[in-house]
Amino acid sequence: MSPLTFHWFLPTYGDSRHVVGGGHGLPAGAAGGERPATLGYLTQIARAAEDLGFEGALTPTGAWCEDAWLTTAMLARETERLKFLVAFRPGIVAPTLAAQMAATFQRHSGGRLLLNVVTGGESHEQRAYGDFLDKDARYARTGEFLGIVRRLWAGETVDFTGEHLRVAGARLARLPDPVPPVYFGGSSPAAGDVAARAADTYLTWGEPPAQVERKIAWIRELAGREGRRVRFGIRLHVITRDTAEAAWAEAQRLLDGFSPEVVRAVQEGLARSESEGQRRMLELHGGRTDGLEIAPNLWAGIGLVRGGAGTALVGSHTEVAERIKEYHRLGIEEFVLSGHPHVEEAYWFGEGVLPLLRDAGLWGHPGAVDGAAGAAAQVPFAAGVRPLTGGAGRA
């Protein structure tokens with residue numbers, strides 16, 4: 001089996017010891033936490049992820065968070081190896097400008113850009129940015145957009161007239177080196193078509209293994225028709241502790257912090273979402289606060305108060321490692337993870353789970369030298385990076 005790649009998450013909307021909301025179907029400005037998303041705090045998270053052995057860090061996009069391009073450009077100066085999985089929306093940036101921005105980012109960061117193409121948020125949010133296309137048209141535009149961008153990255157002079165986009169004599173003075181890989185997700189038929197033609201890695205939210213297996217088969221078949229092979233990744237939260245009891249106690253602590261009024265309001269907002277993936281997330285818990293372990297060690301509680309990725313792997317380090325192996329056997333090669341708060345949970349996972357996967361021969365520290373894979377993952381609070389309050393073991 002291919003080795004595993006792990007990415008962490010940068011909460012550019014704020015962080016907390018509780019779940020911070022935001023995302024699909026929720027109003028702009030709904031997110032926020034006791035730890036503001038300052039450059040200093042995000043640097044702590046980024047350096048922790050880098051030291052522990054995460055390959056990159058996902059930065060979200062939307063009206064409810066800071067701009068991903070600007071934030072990661074600043075954080076690139078504060079890190080050495082960590083890559084940045086920058087989420088952006090094609091309908092807001094012209095394809096030639098986006099291709100140029102990617103080339104510039106690669107040049108100044110030493111090739112540390114990964115691109116997470118997000119077709120769009122909800123229609124009301126898209127309209128705030130001047131985008132009035134409906135969902136299916138947005139996917140069609142994304143396909144045109146990626147076609148133009150890839151031709152520009154290949155050094156072509158592009159003349160293109162499509163249904164939604166038009167460029168004439170488009171060309172880049174300097175090409176990206178390397179060409180940034182494209183990550184793309186979506187559960188609708190229109191999303192599958194775009195992923196098959198243009199994605200390097202298809203991302204799914206954390207559904208139960210049987211559902212993920214069907215998704216992988218679906219995209220593999222579509223990509224095969226295009227003569228392409230696509231990698232697969234999954235987006236999950238994680239709560240891992242020395243014992244299963246301690247992990248589930250932490251999940252219960254988070255759940256106890258969800259007031260019925262907040263859950264009701266969030267669920268009403270998310271029910272209006274146009275996203276097929278969001279609908280599938282909602283079906284996993286149905287708005288209930290009981291029966292949330294929907295598969296072994298897979299907890300749907302996060303989705304009660306947060307849009308987008310709504311499930312978490314919960315358990316002992318060994319249990320979480322076993323669940324990761326299970327997804328890996330299905331074909332998942334990349335894991336995009338997060339936890340609340342993001343500094344402390346990075347250490348729980350990096351010091352508890354990654355060594356188990358290293359010992360199983362499934363993972364190696366990307367910053368390792370002379371075979372010292374995972375060495376940094378065994379050193380608590382490497383390079384002087386410590387959580388803001390207390391040690392990694394306190395919640």
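The values are calculated or read from the model by the stated rules, or taken from the named source; none is laboratory data. Predicted model only: the values in this text are computed from it and were never measured. In case anyone asks, the SASA skips ligands and DNA or RNA and just uses the protein heavy atoms, side chains included. Shrake-Rupley method; radii C 1.70, N 1.55, O 1.52, S 1.80 Å.
Compute the distance from the alpha-carbon center of segment 182-216 to that of segment 250-300, in whole Å.
21
Among rounded, prolate and oblate, which fits segment 241-287 when a ≥ b ≥ c are the square roots of the eigenvalues of its C-alpha gyration tensor, a/c under 1.5 means rounded, and a/b larger than b/c means prolate?
Oblate, because a/c is 1.5 or more while a/b does not exceed b/c.
Please compute the length gained on full extension between THR104 and ARG214, using 0.36 nm multiplied by the number of residues separating them and subtracting their Cα-Cα distance. Please report the intermediate quantities before stating the final value.
Values: separation 110, 0.36 × 110 = 39.60 nm, distance 3.79 nm.
Answer, rounded to one decimal: 35.8 nm.
Lysines within cross-link reach of LYS135: Cα-Cα under 26 Å, excluding same-chain residues under 8 positions apart?
Here the lysines satisfying the reach criterion relative to LYS135 are LYS215.
Ignoring ligands, DNA and RNA, what percent of the 1.4 Å accessible area of the chain is carbon and sulfur?
Numbers: 7900 of 15600 Å².
Of the solvent-accessible surface of the chain, carbon and sulfur hold 51 percent.
Only helical DSSP H runs with n ≥ 4 go in: add -39500 (n - 2.57) per run for the chain, normalise by residue count and round the 222 nm mean residue ellipticity to 500 deg cm²/dmol. Mind dumping the intermediate values first?
Values: 13 runs with 156 residues, N = 395.
Mean residue ellipticity at 222 nm (helix-derived): -12500 deg cm²/dmol.
Give or take rounding to whole Å, what are the principal axis extents of the alpha carbon atoms in the chain, in descending order?
Largest first, the chain extends 60, 52, 40 Å along its Cα principal axes.
Once you keep just the Cα pairs under 8 angstrom separated by 6 or more residues, what percentage relative contact order results for the chain?
So the answer I get is 21 percent.
Any number yet on Rg/Rh for segment 43-130, C-alpha, Kirkwood?
0.99
Against the longest principal axis of the chain, how steep is helix 95-109, in degrees 0 to 90 to the nearest 10, with axes from Cα atoms?
Taking Cα atoms only, the helix is inclined about 50 degrees.
Quick one: what do you get for segment 259-366 if you divide its Cα Rg by 2.2 N^0.38 Å?
1.19
Per residue, how much accessible area does the chain show when a 1.4 Å probe rolls over the protein heavy atoms, in square angstrom?
Normalised by residue count, the accessible surface of the chain is 39 Å².
Using alpha carbons only, what's the Rg to Rh ratio of segment 183-245 with Rh from Kirkwood?
Values: Rg = 13.8 Å, Rh = 12.5 Å.
Rg/Rh: 1.10.
Can you bin segment 1-152 into rounded, prolate or oblate? Criterion: square roots of the alpha carbon gyration tensor eigenvalues sorted a ≥ b ≥ c, rounded for a/c under 1.5, prolate for a/b above b/c, oblate for the rest.
oblate
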